[in-house]
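Remarks on the structure that follows.
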Amino acid sequence: MASKSSTKSQVRLLTEKELLAMPEKDYMNDAQLAFFRDRLHRLEHEILTNAGATTENLRETQYVPDPADRATIEEEHALELRTRDRERKLLKKVQQSIARIDAGEYGWCEETGEPIGIARLLARPTATLSLEAQERREMRQKLYGD
């Protein structure tokens, strides 16, 4: 019996152009889901690799006697840590998106049940709302400080 990963690697992934050219009736078919699963796994790997690099960079820091140099290094570390915090949050969304693919819910708006759309998912593969639902949510947040 072939393993799941060896079966996956035999399937040729679609290109973005092929994905966009597919008819609406094929929305979130197996080929599209395989494309997004691959994209999300690559993003997950990139985030985890960056996190490891940050850890190494912070470990390698040496004491610098000059206060200006020390301040510069501390500011660079603070910026890097803020970036990693954003990536940590993105990693959670990426993992949730992969789980949504596994559950058969990926590509469908959580609020309306309508398709999110290929173009939107290409731009933001972790999207859980259609563009219209996202705009409504942002408008409510702006009006009510949600």
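Only the coordinates and a few stated rules stand behind these numbers; no lab work does. Every value quoted in this text rests on a predicted model; they were computed, and no experiment measured them. Glycine also receives a Cβ, built like all others from the backbone with ideal geometry; neighbour counts cover every protein chain displayed.
Listing for the model above:
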| item | result |
| --- | --- |
| Criterion (under 23 Å from the mean Cα position of the chain (by Cα) and in a helix (DSSP H, G or I)) met by exactly one of 19, 58, 14 | 19 |
| Whichever residue in segment 94-114 is touching an Asp or Glu at 6+ places or on another chain (Cβ under 9 Å) and among the polar types (S, T, N, Q) and, among such residues, is nearest to residue 37 (Cα to Cα) | 95 |
| Residue list for segment 113-146, filter: within 26 Å of residue 41 (Cα to Cα), of a type outside the set (Val, Ile, Thr) and not in a helix (DSSP H, G or I) | 113, 114, 115, 117, 124, 125, 127, 129, 130 |
